[in-house]
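Structure, as structure tokens:
The values are calculated or read from the model by the stated rules, or taken from the named source; none is laboratory data. Because the structure is a prediction, the values reported are computed rather than measured. So basically every Cβ, Gly included, is an ideal-geometry build from the backbone, and we count neighbours across all protein chains shown. Only protein heavy atoms, including side chains, enter the accessible area calculation; ligands, DNA and RNA are left aside. Shrake-Rupley method; radii C 1.70, N 1.55, O 1.52, S 1.80 Å.
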Amino acid sequence: EVQLVESGGGLVQPGRSLKLSCLASGFTFSNYGMNWIRQAPGKGLEWVASISSSSSYIYYADTVKGRFTISRDNAKNTLYLQMTSLRSEDTALYYCASLGYWGQGTLVTVSS
Amino acid sequence: DVVMTQTPPSLSVAIGQSVSISCKSSQSLVYSDGKTYLHWLLQSPGQSPKLLIYQVSNLGSGVPDRFSGTGSQKDFTLKISRVEAEDLGVYYCVQATHFPYTFGAGTKLELK
């Protein structure tokens, strides 16, 4: 069974940092490009960042470019999202996804 | 960025009724490999999104054949034949041909 389990969310003050993790199992993680996608409360889905299977290609949404860093460790079957200079508008449920498979999300709340 | 225009924003249906959802993109979604990376997702209440249809017309794993996808280039349609109670939720189209990936605003399917 494919599983994507996110962790690392929480309440953080504006300007601070947070690192999300996503542990994958049930499929060959190293063969798949992966994404972080977020959903603000009561809103639609917003793509945040993508990374290719070997980390050769990385893309970011303009809204997070320069502040967020996506990375992966294929030996650990884990995807990461390092978030810095957090803003209130970054408050959302963050999903780890291959598009074909989605985790349950981890909630990031940016508030003083 | 590719703009995904999804209509209608909401649908009120009776069980057993058939419905269609439209998704139009601001530019062609045909990638250089000849494939079209237009997918449909369903987010049931309180759940993570689930892949229904990938690459325009291919059923996701375990998705009943009441769901079908058609379209090409810039114009796509999701059809649900004989709606069942488990089909309720918000449907999203997403294009993964061009970065940034972009989503439609969603169509909320509710019971009449």
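Annotations
- A single member of B:Ile15, B:Ile80 is aliphatic (A, V, I, L, M), surrounded by fewer than 20 Cβ atoms within 10 Å (Cβ to Cβ), farther than 24 Å from A:Tyr60 by Cα and in contact with a helix residue (DSSP H, G or I) (Cβ under 9 Å, 6 or more places away or on another chain), and it is B:Ile15.
- Residue match in segment A:58-71 (condition: open to solvent by 40 Å² or more (accessible area, probe 1.4 Å), part of a strand (DSSP E or B) and acidic (Asp, Glu)): no
- Flag if A:Lys76 is at pLDDT 95 or above, over 21 Å from B:Ala96 (Cβ atoms), open to solvent by 50 Å² or more (accessible area, probe 1.4 Å) and among the basic types (Lys, Arg): yes
- Flag: A:Leu99 matches the condition of being within 14 Å of chain B (Cβ to nearest Cβ) and at pLDDT below 95.
- Conditions (1) under 20 Å from B:Pro49 (Cβ atoms); (2) in contact with a Cys (Cβ under 8 Å, 6 or more places away or on another chain): number failed by A:Ser50: (2)
Listed here are the residues, each with its yes/no results for (1) touching a helix residue (DSSP H, G or I) at 6+ places or on another chain (Cβ under 9 Å); (2) not β-branched (Val, Ile, Thr).
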residue	(1), (2)
A:Ala49	no, yes
A:Ser55	no, yes
A:Tyr60	no, yes
A:Lys65	no, yes
A:Ile70	no, no
A:Asp73	no, yes
A:Asn77	yes, yes
A:Leu81	no, yes
A:Thr84	no, no
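- Residue count for segment B:54-91, restricted to those that are more than 11 Å from every other protein chain (Cβ to nearest Cβ), part of a strand (DSSP E or B) and aliphatic (A, V, I, L, M): 3
- None of B:Ser44, B:Ser28, B:Ser10, B:Ser22 is touching a helix residue (DSSP H, G or I) at 6+ places or on another chain (Cβ under 8 Å) and either under 18 Å from B:Glu110 (Cβ atoms) or more than 14 Å from chain A (Cβ to nearest Cβ) (or both) except B:Ser44.
- Test result for B:Phe103, within 10 Å of another protein chain (Cβ to nearest Cβ), without any contact (Cβ under 8 Å) to a residue 24 or more places away in the chain, surrounded by 13 or more Cβ atoms within 10 Å (Cβ to Cβ) and among the hydrophobic types (A, V, I, L, M, F, W, C): no
- Criterion violated by A:Leu81 - all others in (1) surrounded by fewer than 15 Cβ atoms within 10 Å (Cβ to Cβ); (2) closer than 26 Å to B:Tyr92 by Cα; (3) in contact (Cβ under 8 Å) with a residue 60 or more places away in the chain satisfied: (1)
- If you go through segment A:18-54 and keep only what is surrounded by fewer than 13 Cβ atoms within 10 Å (Cβ to Cβ), part of a loop (DSSP other than H, G, I, E, B) and more than 14 Å from chain B (Cβ to nearest Cβ), you end up with A:Thr28, A:Ser54.
- Cβ-Cβ under 7 Å pairs, at least 6 apart or on other chains, segment A:88-101 side open to solvent by 50 Å² or more (accessible area, probe 1.4 Å), far side aliphatic (A, V, I, L, M) and in a strand (DSSP E or B): A:Ser88/A:Val110; A:Tyr101/A:Leu4
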